[in-house]
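The values are calculated or read from the model by the stated rules, or taken from the named source; none is laboratory data. Since the structure is predicted, the reported quantities are computational estimates derived from the model, not experimental observations. Positions of Cβ are generated from backbone atoms using ideal geometry, with glycine treated the same way; all protein chains shown enter the neighbour counts. We work out accessible area using only protein heavy atoms, side chains counted, and drop any ligands, DNA or RNA first. Shrake-Rupley method; radii C 1.70, N 1.55, O 1.52, S 1.80 Å.
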Amino acid sequence: PDGFENLINLLIEVTSAHLIQQVAFGADVLQLFDSWSGLLPATAFDRFCVKPICEIVDRVKDTYPDVPIIVFPRGAGPKADQLAKHPRIDAISIDFSIEPSWAALKIQPYAAVQGNLDPVYLMVGGEELYNQARKIINALSKGPHIFNLGHGIQPTTPVDNVHALIKAVRE
């Protein structure tokens, strides 16, 4: 764990510097991905996910206090609310494993929620795509929400389904 923490500290340094430069060169919003957070046991989550992310956010916000920062702790599940409580994190992205109704209760009181349509529904399209989009929008409509996928778009996703989803969300 101590050796890993040394690596994490290096990542904090370079990630913070990189994000600060991104804003200096015109980025209006930043999104910080922790792709491995879901693999951490509960006993290590604070040490190796929450504290490093909060340190990065604080360093960026010390330089650019008004830049919105979205954090995506992929696979963190119900542990994601720990990050939402940090006052300088503006939004939490949630993957498709998190129930939107849970996010409305545990994340939206502190931060905006981004997410969380399962990209498989976007590939399939049709009525179930609309049903899932409605479920997410209804659950998160009382607080700040950025509609998005709960993880990346698949290369085989039909473009027509993307257009249909955009139209449905706008309506």
Could you list, in sequence order, the residues of segment 60-88 that are in contact with a Leu (Cβ under 9 Å, 6 or more places away or on another chain), farther than 19 Å from residue 149 by Cβ and among the aliphatic types (A, V, I, L, M)? 60, 67, 69
Which one of these does residue 48 not meet: (1) open to solvent by 80 Å² or more (accessible area, probe 1.4 Å); (2) more than 19 Å from residue 94 (Cβ to Cβ)? (1)
One residue from 14, 23 being free of Cβ contacts under 8 Å to residues at least 24 places away in the same chain, among the aliphatic types (A, V, I, L, M) and within 24 Å of residue 92 (Cβ to Cβ): 14
Qualifying positions in segment 32-45 - touching a Lys or Arg at 6+ places or on another chain (Cβ under 9 Å) and either assigned to a helix (DSSP H, G or I) or closer than 11 Å to residue 89 by Cα (or both): 37, 38, 42, 45
Note on segment 19-31: residues in contact with a helix residue (DSSP H, G or I) (Cβ under 9 Å, 6 or more places away or on another chain) and either at pLDDT below 95 or not in a helix (DSSP H, G or I) (or both) are 27, 30
May I ask you to say which residue of 58, 81, 62 is open to solvent by 20 Å² or more (accessible area, probe 1.4 Å), part of a helix (DSSP H, G or I), closer than 26 Å to residue 3 by Cβ and not basic (Lys, Arg)? 58
When residue 13 is evaluated against the numbered criteria (1) at pLDDT 95 or above; (2) surrounded by 14 or more Cβ atoms within 10 Å (Cβ to Cβ); (3) part of a helix (DSSP H, G or I); (4) not aromatic (Phe, Trp, Tyr), which criterion, by number, is the only one it fails? (2)
Which residues, counting only those in segment 122-171, are exposed (fewer than 10 other Cβ atoms within 10 Å of the Cβ), closer than 23 Å to residue 35 by Cβ and more than 19 Å from the chain's Cα centre (by Cα)? 155, 156
